[in-house]
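Just below is one structure, and these are the notes that go with it.
Any read-out appearing in this document is the output of simple, stated calculations on the displayed coordinates, not a laboratory observation. Worth saying up front: this structure is predicted, and the values here are computed from it rather than measured. Neighbour counts are summed over all protein chains in view; Cβ atoms, including those assigned to glycine, are modelled from backbone coordinates with ideal geometry.
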Amino acid sequence: MTERLEALLAAMKQAELGHMLIQKPKNIRYLTGYTGEGCLLVSGTGAVILTDFRYVEQASIQAPGLQVIRYDAAHPRLSEIRQQLVSAGAHKLAVEEDAVTVDAYREMLRALSGIELTAAGGLTERLRIVKGEEEIECIARACRISCQAFEKMLGVMKPGMTEREIQLELDYTMLRLGAEGLAFDTIAAAGVNGSLPHAIPGNHVVKEGEMLTLDFGALYGGYCADMTRTVAFGRISDELKNIYDTVLEAQLASLDMIGPGVVCSQVDRCAREIIDKVYPGAFGHSLGHGVGLDIHEQPGLNGRDQRELTPGHIVTVEPGVYLPGVGGCRIEDTVAITGSGYRNLIDAPKELICL
């Protein structure tokens with residue numbers, strides 16, 4: 001059994017949960033290394049992977065030492081789960097409540113009659129908050145690939161290209177440099193589209209005098225990178241330059257605060273106060289979020305999160321300004337909290353680049 005499974009068992013014991021059904025693919029991967037379809041049933045006596053014919057061999061290879069149970073039409077998954085629970089004398093099963101649809105829940109109630117279903121309460125996600133050295137190195141590698149791709153794009157991007165063309169070229173560059181995939185859909189927002197924090201790249205043609213915001217990240221070893229840079233094409237207006245300078249000031253000030261023991265909400269407040277003095281209400285999202293197997297994890301750099309940053313946390317720092325009809329800017333790094341401060345996993349330049 002992996003150390004991560006043992007940690008989950010300890011958390012289950014503390015929460016007085018005897019059996020837990022894990023269906024989220026990222027949680028199954030985190031706990032066992034298995035990346036196929038199916039589910040994981042964890043109890044005080046061990047863990048079993050339940051899957052179908054297509055993945056039995058893969059599960060045995062990726063999660064050696066764990067029992068693999070095959071289900072099929074004649075022996076449905078829930079029937080196999082019920083058999084495991086009945087054999088163990090279990091009367092309660094914790095499920096990932098945010099991964100079960102209403103229809104699936106009703107089906108579970110029917111198939112697992114006599115078994116009380118209770119919420120797992122994000123036990124696995126809480127374990128994932130603090131990253132180990134191997135996880136940090138995977139994220140660092142994904143960030144290096146992302147930075148290398150950005151550097152190459154500086155010699156490719158030019159006025160006359162569409163947002164979509166730039167996005168596709170950036171995606172291909174990350175894959176060519178060793179990314180196993182994309183951490184999320186790349187954002188490329190130019191001109192007035194820069195006021196849309198999650199703009200979808202389209203047919204807007206980049207022009208002289210516009211800024212372009214690129215939010216992107218490579219995937220490596222299953223772990224995500226996340227970075228944003230905003231560049232200018234030719235000479236931009238004083239208004240756009242002031243937007244950029246304000247965002248950069250807020251980002252640098254936030255980074256200066258970050259370290260172990262610092263409360264997440266205080267970092268968010270630092271950036272927000274700087275931006276609100278110049279552009280009140282123009283920074284409407286959180287300062288940052290955790291990154292790992294999922295692109296959005298805990299902790300969050302926002303006004304609600306009162307947790308203290310801890311060594312092993314990996315968070316983004318991404319202030320922005322968004323002005324409808326004018327444009328916008330975002331600058332984002334991914335940083336790993338250390339015992340004495342932080343390690344910035346993004347080394348791309350931040351001074352305004354004019355192409």
Taking all pairs of distinct alpha-carbon atoms in the stretch 133-344, Kirkwood radius in angstrom: 17.2
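Quote the charge dipole size of the stretch 133-344 about the Cα centre in Debye, to the nearest 20; the model charges only the Cβ of Lys and Arg (+1) and of Asp and Glu (-1).
On the way: 17 positive and 30 negative charges, 79 e Å.
Here the size comes out at about 380 debye.
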Radius 12 Å from Cβ of GLU332, net charge of other residues (Lys, Arg +1; Asp, Glu -1): -1
Top of GLU16, GLU151, GLU165 by mean-square fluctuation, Gaussian network on the chain, Cα under 10 Å: GLU16
Mean Cα-pair separation over length for the stretch 149-280, i.e. relative contact order, pairs under 8 Å, 6 or more apart, %: 19
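Could you size up the charge dipole of the stretch 232-323 around its Cα centre, putting +1 on the beta carbon of Lys and Arg and -1 on that of Asp and Glu, and report it in debye to the nearest 20? Could you put the intermediate results ahead of the total?
Numbers: 7 positive and 13 negative charges, 16 e Å.
With only Lys, Arg, Asp and Glu charged at Cβ, the dipole is about 80 debye.
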Filtered trypsin sites (Lys or Arg not before Pro), the stretch 216-263: DSSP coil and at most 11 other beta carbons within 10 Å: ARG235
Degrees between helix 102-111 axis and first principal axis of the chain (Cα, 0 to 90, nearest 10): 10
Of GLY121, GLY281, ALA336, farthest towards positive along the dipole that unit charges on Lys, Arg, Asp, Glu beta carbons give the chain: GLY121
Expected-Rg normalisation [2.2 N^0.38 Å, Cα atoms] applied to the chain: 1.13
Relative contact order for the chain, counting Cα pairs under 8 Å that sit 6 or more residues apart, in percent: 14
Most fluctuating residue given options GLU137, GLU125, GLU116, as computed from a GNM of the chain linking Cα atoms under 10 Å: GLU116
Crossing angle, helix 3-14 versus the chain [Cα axis fit, 0-90 degrees, rounded to tens]: 70
In the stretch 133-344, lysine pairs closer than 22 Å at Cα, eight or more apart or cross-chain: 5
Candidates VAL95, VAL335, VAL130, ranked by Gaussian network fluctuation over the chain, Cα under 10 Å, top entry: VAL95
Ranked SER254, SER43, criterion: other C-beta atoms within 10 Å, fewest first: SER43, SER254
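Lys and Arg at +1, Asp and Glu at -1: add these up for the other residues within a Cβ distance under 14 Å of LYS277 and post the number.
On the way: positive: ARG269, ARG272; negative: ASP245, GLU249, GLU273, ASP276.
Once positives and negatives cancel, what remains is -2.
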Ranking of SER237, SER113 by count of other Cβ atoms within 10 Å, fewest first: SER113, SER237
Cα-based shape type of the stretch 47-182, given that a ≥ b ≥ c are square roots of the gyration tensor eigenvalues and the cut on a/c is 1.5: prolate
Degrees, to the nearest 10: 133-153 long Cα axis against longest axis of the chain: 30
Cα centroid separation - the stretch 1-80 against the stretch 160-199, whole Å: 36
Nearby lysines by direct alpha-carbon distance to LYS24 (threshold 30 angstrom, same-chain neighbours under 8 apart not counted): LYS13, LYS92, LYS131
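To the nearest 20 debye, what is the magnitude of the charge dipole of the stretch 139-193 about its Cα centre, counting +1 on the Cβ of each Lys and Arg and -1 on the Cβ of each Asp and Glu? Could the numbers behind the result be given before it?
Values: 6 positive and 7 negative charges, 41 e Å.
Roughly 200 debye, rounded to the nearest 20.
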GluC sites (Glu not before Pro) restricted to DSSP loop in the stretch 296-355 with at most 14 other C-beta within 10 Å: GLU351
Euclidean distance of C-alpha centroids, the stretch 318-355 and the stretch 125-156, integer Å: 14
